[in-house]
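*Asks:* Encoded as structure tokens, here's the structure I'll be asking about.
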Amino acid sequence: MAKIIDGKAIAKKLRAVVATQTVALKEQAVTPGLAVILVGDDPASEIYVRNKERAAAKVGVNAKTFKYPNDATEEEILAQIVALNQDETIDAILVQSPVPSQINEQTIQEAILPAKDVDGFHPENSGRLFAGQTGNYPIANTPRGIMTMLHHEEIDLAGKHAVVLGRSILVGRPMFALLQMANASVTLLHRYTPADLRRQLLATADVVVVATGVPDLIMGADLKPGATVIDVGMNRLPNNTLVGDVNFDTAKKVAGAITPVPGGVGPMTIATLLETTVELAAQHHHIELEHGWQNI
Ligand code: NAD
């Protein structure tokens, strides 16, 4: 039976570290500021944004939401980003996805100042990641949070075969880059990967990260016994239950360690967003932070 990786508990430890960091910043008169731009009235996005605001307040981050209607123009959103880029009280900016189709996500990503790009989507930041640079630049929070979780669980990655399913800029691609930087041999699969090839590759995977939005894509029988399984998927079923992309009941019998949904990757994403916000605030004000994620 697999060890259940308790993302909620690890996120709590990470938030405690972040809270000590904000105290240190406040001693130097700095309150980290996070701006969230929300366009449209997608109920799931509204819940995410509310959760982010609440979590931010608890660790001493000042989160402000800028809400726009579904028919907001790209110019309006760009003007808001320009204002936030110049706002000295704002250290981190994110645009909640998805955005309505009249707004080009790429244009938005490139408009955010790289030093305030808390999601790490700006090509300057994602380029650094894909160049394998280490150092102080923002990295997409979901994959970064997963790396923290793997580190916390002392899961060895060097020389291991990691399979990532999904190639979005939000999860799959940066996950691929991070696992590679941790010296895993990484295979990236996507919707055009034939099922036979997927099964063949999964049979040798020591670490599996699934971020597809397809419920039950991975069953226990697909896994190598003892594999570490990170389920990023968040799918709302017609009966309103929330499930991942991995069939938890069959997978936990084969895996060595597995994240549940909910209570796995989700809480880590929010805690990591706050961690990145505080780091950007420290950089912005040229302050050295003492405690990093390595201390959780
Ligand atoms: P996306 O829709 O942008 O990308 C999905 C990816 O899955 C695509 O690259 C696609 O090629 C791939 N895919 C689809 N079918 C596949 C298959 N059969 N085999 C292999 N790959 C396949 O989605 P996203 O934004 O990356 O999110 C993925 C899932 O993760 C969603 O359920 C989302 O809700 C969830 N998510 C959770 C968190 C969290 O914090 N827990 C954060 C981000 C996303």
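The values are calculated or read from the model by the stated rules, or taken from the named source; none is laboratory data. Computed from a prediction, not measured in an experiment: that's the story for all the values here. Note that each Cβ is placed from the backbone with ideal geometry, even for glycine, and that neighbours are counted across all protein chains shown. Surface accessibility is based on the protein's heavy atoms, side chains included, excluding ligands, DNA and RNA. Shrake-Rupley method; radii C 1.70, N 1.55, O 1.52, S 1.80 Å.
*Asks:* Could you list all residues from region 126-142 that are open to solvent by less than 40 Å² (accessible area, probe 1.4 Å), within 22 Å of ILE93 (Cβ to Cβ), out of contact with any strand residue (DSSP E or B) (no Cβ under 8 Å at 6 or more places or on another chain) and not polar (S, T, N, Q)? Spell out how you get there, then give the answer.
*Replies:* Kept after step one, since they are open to solvent by less than 40 Å² (accessible area, probe 1.4 Å), are these residues of region 126-142: 126-127, 129, 132, 137-142.
Now restrict to residues that are within 22 Å of ILE93 (Cβ to Cβ): 126-127, 129, 137-142.
Okay, now just the ones that are also out of contact with any strand residue (DSSP E or B) (no Cβ under 8 Å at 6 or more places or on another chain), so 126-127, 129, 137, 139-142.
Hits for region 126-142 are GLY127, LEU129, TYR137, ILE139, ALA140.
*Asks:* Right, here's the next one. Given the criterion assigned to a helix (DSSP H, G or I) and in contact (Cβ under 8 Å) with a residue 40 or more places away in the chain, identify the matching residue among THR142, THR134. I'd like the intermediate steps shown before the answer.
*Replies:* On the way: THR134 fails: assigned to a helix (DSSP H, G or I).
Among THR142, THR134, only THR142 is assigned to a helix (DSSP H, G or I) and in contact (Cβ under 8 Å) with a residue 40 or more places away in the chain.
*Asks:* Among the residues of region 157-168, are any touching a residue at least 40 places away in the same chain (Cβ under 8 Å), open to solvent by less than 40 Å² (accessible area, probe 1.4 Å) and assigned to a loop (DSSP other than H, G, I, E, B)? Spell out how you get there, then give the answer.
*Replies:* In the first step, residues of region 157-168 are kept if they are touching a residue at least 40 places away in the same chain (Cβ under 8 Å); the result is 157, 160-166, 168.
After this cut, where a residue has to be open to solvent by less than 40 Å² (accessible area, probe 1.4 Å) as well, the list is 157, 161-166.
Now restrict to residues that are assigned to a loop (DSSP other than H, G, I, E, B): 157, 166.
Within region 157-168, one or more residues are touching a residue at least 40 places away in the same chain (Cβ under 8 Å), open to solvent by less than 40 Å² (accessible area, probe 1.4 Å) and assigned to a loop (DSSP other than H, G, I, E, B).
*Asks:* Moving on. I want to confirm something. Restricting to region 145-156 and keeping residues that are among the acidic types (Asp, Glu) and free of Cβ contacts under 8 Å to residues at least 60 places away in the same chain, which single residue is farthest from the ligand (Cβ to nearest atom)? Show your work before the answer.
*Replies:* In the first step, residues of region 145-156 are kept if they are among the acidic types (Asp, Glu); the result is 153-154, 156.
Applying the additional criterion that residues be free of Cβ contacts under 8 Å to residues at least 60 places away in the same chain yields 154, 156.
Values: GLU154: 22, ASP156: 24 Å.
Of everything passing the filter in region 145-156, ASP156 is farthest from the ligand (Cβ to nearest atom).
*Asks:* Please specify each residue of region 189-222 satisfying the condition of being part of a loop (DSSP other than H, G, I, E, B) and open to solvent by less than 10 Å² (accessible area, probe 1.4 Å).
*Replies:* So in region 189-222, the residues part of a loop (DSSP other than H, G, I, E, B) come out as 190-194, 203-206, 211-217, 219.
Across region 189-222, the qualifying residue is only ALA205.
*Asks:* Failed condition for GLU124, given (1) touching an Asp or Glu at 6+ places or on another chain (Cβ under 9 Å); (2) in a loop (DSSP other than H, G, I, E, B); (3) of a type in the set (D, E, K, R), with all others met?
*Replies:* (2)
*Asks:* Also, I was wondering about something else. May I ask you to list pairs of residues, at least six apart or on different chains, whose Cβ atoms are under 9 Å apart, with the first in region 20-31 being on the phi < 0 side of the Ramachandran plot and the second being open to solvent by less than 10 Å² (accessible area, probe 1.4 Å) and of a type in the set (Ser, Thr, Tyr)?
*Replies:* Listed by first residue and then by second, the contacts come to VAL30/THR22; THR31/THR22.
*Asks:* I'd like to know if region 157-166 contains one or more residues that are within 11 Å of the ligand (Cβ to nearest atom) and in contact with an Asp or Glu (Cβ under 8 Å, 6 or more places away or on another chain). Can you show your working first?
*Replies:* Quick first cut of region 157-166, residues within 11 Å of the ligand (Cβ to nearest atom) only: 163-166.
From what is left, the residues that are in contact with an Asp or Glu (Cβ under 8 Å, 6 or more places away or on another chain) are 165.
Within region 157-166, one or more residues are within 11 Å of the ligand (Cβ to nearest atom) and in contact with an Asp or Glu (Cβ under 8 Å, 6 or more places away or on another chain).
*Asks:* Report whether or not GLY233 is near the ligand (Cβ under 8 Å from one of its atoms) and in the same structural domain as ALA251 (by TED's automatic domain parsing). Give the steps one after another, and end with the answer.
*Replies:* On the way: near the ligand (Cβ under 8 Å from one of its atoms): yes; in the same structural domain as ALA251 (by TED's automatic domain parsing): yes.
Against the criterion (near the ligand (Cβ under 8 Å from one of its atoms) and in the same structural domain as ALA251 (by TED's automatic domain parsing)), GLY233 qualifies.
*Asks:* Moving on. Tell me yes or no: at least one residue of region 243-259 is open to solvent by 40 Å² or more (accessible area, probe 1.4 Å), within 13 Å of the ligand (Cβ to nearest atom) and within 24 Å of ALA63 (Cβ to Cβ).
*Replies:* no
*Asks:* Looking for whichever is among the polar types (S, T, N, Q), exposed (fewer than 15 other Cβ atoms within 10 Å of the Cβ) and free of Cβ contacts under 8 Å to residues at least 24 places away in the same chain here; the options are ASN183, ASN240. Which one fits? Even if it seems obvious, please write down each step before you answer.
*Replies:* Details: ASN183 fails: free of Cβ contacts under 8 Å to residues at least 24 places away in the same chain.
After ruling out the rest, the residue left standing is ASN240.
*Asks:* Check ILE287 against each of (1) away from the ligand (no atom under 16 Å from the Cβ); (2) out of contact with any Leu (no Cβ under 7 Å at 6 or more places or on another chain); (3) open to solvent by less than 50 Å² (accessible area, probe 1.4 Å) and name the one condition it does not meet.
*Replies:* Just one mismatch for ILE287, condition (2).
*Asks:* Turning to a different aspect of this structure: Out of the residues in region 223-237 meeting the condition of being of a type in the set (D, E, K, R) and open to solvent by 60 Å² or more (accessible area, probe 1.4 Å), tell me which one is farthest from the chain's Cα centre (by Cα).
*Replies:* Here the answer is LYS224.
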